[in-house]
1. Please pick out the residue among 220, 201 that is of a type outside the set (D, E, K, R) and either over 13 Å from the mean Cα position of the chain (by Cα) or farther than 26 Å from residue 106 by Cβ (or both).
2. Of all residues in region 1-54, which are hydrophobic (A, V, I, L, M, F, W, C) and over 17 Å from residue 74 (Cβ atoms)?
3. Is there a residue in region 157-177 that is modelled with pLDDT under 95 and under 21 Å from residue 55 (Cα atoms)?
4. State which residue is farthest from residue 110 (Cα to Cα) when the search covers only region 145-162 and only residues that are without any contact (Cβ under 8 Å) to a residue 12 or more places away in the chain and either outside the structural domain of residue 116 (by TED's automatic domain parsing) or among the small types (Gly, Ala, Ser) (or both).
5. When you go through 190, 171 one by one, which is the residue that is of a type outside the set (Ser, Thr, Tyr), free of Cβ contacts under 8 Å to residues at least 24 places away in the same chain and buried (at least 16 other Cβ atoms within 10 Å of the Cβ)?
6. Is it the case that residue 165 is surrounded by fewer than 16 Cβ atoms within 10 Å (Cβ to Cβ) and either closer than 30 Å to residue 141 by Cβ or free of Cβ contacts under 8 Å to residues at least 60 places away in the same chain (or both)?
7. Can you pull out the residues in region 97-110 that are in contact with a helix residue (DSSP H, G or I) (Cβ under 8 Å, 6 or more places away or on another chain), at pLDDT 90 or above and assigned to a helix (DSSP H, G or I)?
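The values are calculated or read from the model by the stated rules, or taken from the named source; none is laboratory data. Just so it is clear, the model here is predicted, and its values are computed rather than measured. Neighbour counts are summed over all protein chains in view; Cβ atoms, including those assigned to glycine, are modelled from backbone coordinates with ideal geometry.
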Amino acid sequence: MSNEVKVSIRNLYKIFGPNPKAMMQHVRDGMGKPELLEQYNHVLGLQDINVDIRQGEITVIMGLSGSGKSTLIRHLNRLIDPTAGEVIVNGEDVLAYGQAKLAKLRQNTMSMVFQKFALFPHQTVLSNAGMSRRVRGESGDIADTEGQKWLDRVGLSGYGGHYPGQLSGGMQQRVGIARALASDSEIMLMDEAFSALDPLIRTDMQDLLLELQRELHKTIVFITHDLDEALKLADHLVILKDGAVVQQGEPQEILLHPNDDYIIDFISDINRARVLRVRSIMEKTDHAGEGVVGEVSPNQNLESVIAISGGDTNLHYRVMEDGKQIGLLHMRDLVKALVPVEAADPARRAASAA
């Protein structure tokens, strides 16, 4: 993954109401979302958001309804303007853009995939897929060529002449993804893109996105309220509550080291064996070790290692990547990692029971 920051969000605030600028001092003095609503009838949508979105990574922004995640993603292409703060894209503050430059940002730099597909019902699937090229002023031939290329890639060969109403929900969302990819934009914004789909179709779409990402290395900002989806897709995970960032970082690190009771409750029902990876709990060493019984990959989940080991906690495995040892996995460490934080902390457990 690249260390280059593609989008930098700095000190971002959004207050909804008739006089948001006047409310900023109350918020900076420590007034929270409930108090601002009760005393001044203004809604605190975002509070001091600071997030770096790195090139070639999937940054997932998640939270429950009302947490501010959809509000945040709409600031990136200025569908919403902030009350205060900065949104830096490729080194430029997009809040300083005029209308012409903002239009170019939306047409060339960023594409968006919506929850409700947002396809034109009177246009064919092929026309929808190439729409971004037409809006940009390119010829119909180029639009159709690019649209067809990406329809083929998302598994919709032969459907170009159909209309959206003739497709299933999952197929319509594939058209939405093809349209975003056909634009050849550097950044893809995906707002609850899979949440309207049935569970099995949703899983297929997640797998498709990861497959395409392994090849294309797009910079993707993905919004979801589903923790399983977030943990599956994210290179970088940002968790929001009441418009503020509660914790952000590598998903495995957050799962192993949650810093807030809100997140501990959030992850309490997660199947840790299925989500945690060998790389997160291994001992980083190139030393051969003693009593090693086999080799595992750093990206294997712990569930697969448990199956291999037969549940024997005395075993040790060499962790191999590209033909080289990068660590050792000790089954006793694996078992410890499966214990949820609240169960491992007697003081917290006693306080919760009181």
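1. Criteria check complete, one pass: 201.
2. At the first step, the residues of region 1-54 found to be hydrophobic (A, V, I, L, M, F, W, C) are 1, 5, 7, 9, 12, 15-16, 22-24, 27, 31, 36-37, 43-44, 46, 49, 51, 53.
Result: 1, 5, 22, 23, 24, 27, 31, 36, 37.
3. The answer is yes; a qualifying residue exists.
4. 158
5. So the residue among 190, 171 that is of a type outside the set (Ser, Thr, Tyr), free of Cβ contacts under 8 Å to residues at least 24 places away in the same chain and buried (at least 16 other Cβ atoms within 10 Å of the Cβ) is 171.
6. yes
7. 102, 105
Results for (1) assigned to a helix (DSSP H, G or I); (2) crowded, with 22+ Cβ neighbours inside 10 Å; (3) modelled with pLDDT of 95 or more; (4) touching a Pro at 6+ places or on another chain (Cβ under 9 Å), shown as yes or no for each residue.
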residue	(1), (2), (3), (4)
50	no, no, yes, no
66	no, no, no, no
72	yes, yes, yes, no
88	no, no, yes, no
112	no, yes, no, no
118	no, no, no, no
121	no, no, no, yes
